[in-house]
Amino acid sequence: MVENNQNQHETKTVYNFSPGPGILPKAVLREAQEKLMDYNGTGLSVMEMSHRSKAFIEIAEKARADLRTLLAIPDNFQVFMFQGGATM
């Protein structure tokens, strides 16, 4: 890991070069922070909403579509999403 201290009034930035989770751009973190308390006017965070709610289903469908585009997954393949992390 490499630490970058720009000045004493800014948050310390740590660069993680280890295997596992990578560094996210600050813009992505800020957007997640904004939507953490209230995702798109639902009054709920994504972590609080039902996996059967319209808002969450839209999130999951967009994630699948984006993944299909990014990885050029053909239509004859199904995209599954599971929780679990490294132990799954």
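Which residues, taken from the stretch 35-88, are at positive phi, over 16 Å from the mean Cα position of the chain (by Cα) and either modelled with pLDDT of 95 or more or part of a helix (DSSP H, G or I) (or both)? Please lay out each step first, then the result.
Going through the stretch 35-88, the residues at positive phi turn out to be 40-41, 43, 72, 84-85.
Then keep just the ones that are over 16 Å from the mean Cα position of the chain (by Cα); that gives 41, 43, 72.
Across the stretch 35-88, the qualifying residues are 41, 72.
Sort out which residues of the stretch 9-34 are hydrophobic (A, V, I, L, M, F, W, C), in a loop (DSSP other than H, G, I, E, B) and over 12 Å from the mean Cα position of the chain (by Cα), and write them in order of number.
17
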May I ask you to verify whether residue 50 is touching a Leu at 6+ places or on another chain (Cβ under 8 Å), free of Cβ contacts under 8 Å to residues at least 24 places away in the same chain and among the polar types (S, T, N, Q)?
no
Being β-branched (Val, Ile, Thr), exposed (fewer than 11 other Cβ atoms within 10 Å of the Cβ) and within 27 Å of residue 11 (Cβ to Cβ) is the filter here, so list the residues in the stretch 21-79 that pass it.
28
Could you list, ordered by first residue, the pairs with Cβ atoms under 6 Å in which the first is in the stretch 11-28 and on the phi > 0 side of the Ramachandran plot and the second is assigned to a loop (DSSP other than H, G, I, E, B) and charged (D, E, K, R), at least 6 apart or interchain?
none
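The values are calculated or read from the model by the stated rules, or taken from the named source; none is laboratory data. Source: prediction; values computed, not measured. A quick note on method: Cβ atoms are made from the backbone with ideal geometry, for glycine too, and the neighbour counts reach across all protein chains shown.
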